[in-house]
Amino acid sequence: MQSPIRAILLLVFIAVPLLEIALLIKIGQSIGFWATILIVIATAAIGTLLLHQQGMATLRRVLDAMDKGEPPVTPVLEGLVLLVAGLLLLTPGIITDTIGFILLIPPVRELLVRHALGRLFVVNVAGRTWRSSEGANDGSAESGWTSPGHARGTSHQPPHSGDGPVIEGEYQRLDERTVDPQKDRR
């Protein structure tokens with residue numbers, strides 16, 4: 001792991017709990033201790049219920065895609081976002097609950113998944129890039145091979161390395177057909 005990422009993660013794991021504690025203390029001073037505890041418990045319960053409903057719907061979409069023979073990439077990534085939302089909702093605190101509820105909003109989840117697909121499905125072969133139409137994050141529905149000098153989204157043939165595909169099988173040369181193996185044995 002790179003050191004800037006470590007520093008950011010360390011900051012998040014220290015700053016977020018401190019902010020949560022400070023916010024809970026302020027809310028507790030304003031509305032009272034038991035009302036604050038009730039809010040934390042209620043958001044966790046409501047979040048868990050919503051998470052269960054949306055998680056089951058996502059699981060149905062995964063199974064439907066698999067039944068159709070399609071890769072269930074989008075529903076699986078949505079399930080991953082739902083998992084993060086569930087973890088945030090089960091963590092006591094107002095900030096994490098707010099982020100968790102935001103991740104439960106379907107358009108927000110779809111936007112995150114579309115952005116992730118645009119970053120995940122990029123294949124480089126022989127200096128050319130292939131992007132799936134589902135993963136194009138610029139709004140275009142085009143996909144295909146692009147060279148470094150070409151604009152993204154223009155379709156080209158896949159790169160040819162010169163080796164070609166390997167095809168296994170039996171063969172018989174035509175010039176050998178004229179010789180009858182039965183005649184030579186007599």
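Counting only residues that are surrounded by fewer than 15 Cβ atoms within 10 Å (Cβ to Cβ), of a type in the set (Asp, Glu) and within 15 Å of residue 117 (Cβ to Cβ), region 55-81 holds 1 of them. Pairs linking a residue in region 103-121 that is assigned by TED's automatic domain parsing to the domain that holds residue 90 and surrounded by fewer than 16 Cβ atoms within 10 Å (Cβ to Cβ) to a residue that is of a type in the set (A, V, I, L, M, F, W, C) and modelled with pLDDT of 90 or more, with Cβ atoms under 8 Å and 6 or more positions apart or on different chains, are 108/102.
Taken together, 91, 129 contain a single residue that is within 30 Å of residue 37 (Cβ to Cβ), at pLDDT below 90, surrounded by 15 or more Cβ atoms within 10 Å (Cβ to Cβ) and of a type in the set (S, T, N, Q), which is 91. Taken together, the residues in region 25-41 that are among the small types (Gly, Ala, Ser), surrounded by 11 or more Cβ atoms within 10 Å (Cβ to Cβ) and farther than 21 Å from residue 88 by Cα amount to 1. When we screen 74, 36 for residues that are modelled with pLDDT under 90, at negative phi and of a type in the set (Ser, Thr, Tyr), the only hit is 74.
The values are calculated or read from the model by the stated rules, or taken from the named source; none is laboratory data. Small disclaimer: the values here were computed from a predicted structure and weren't measured. Don't worry about glycine lacking a Cβ; one is built from the backbone with ideal geometry, like all the others, and counts go over all protein chains shown.
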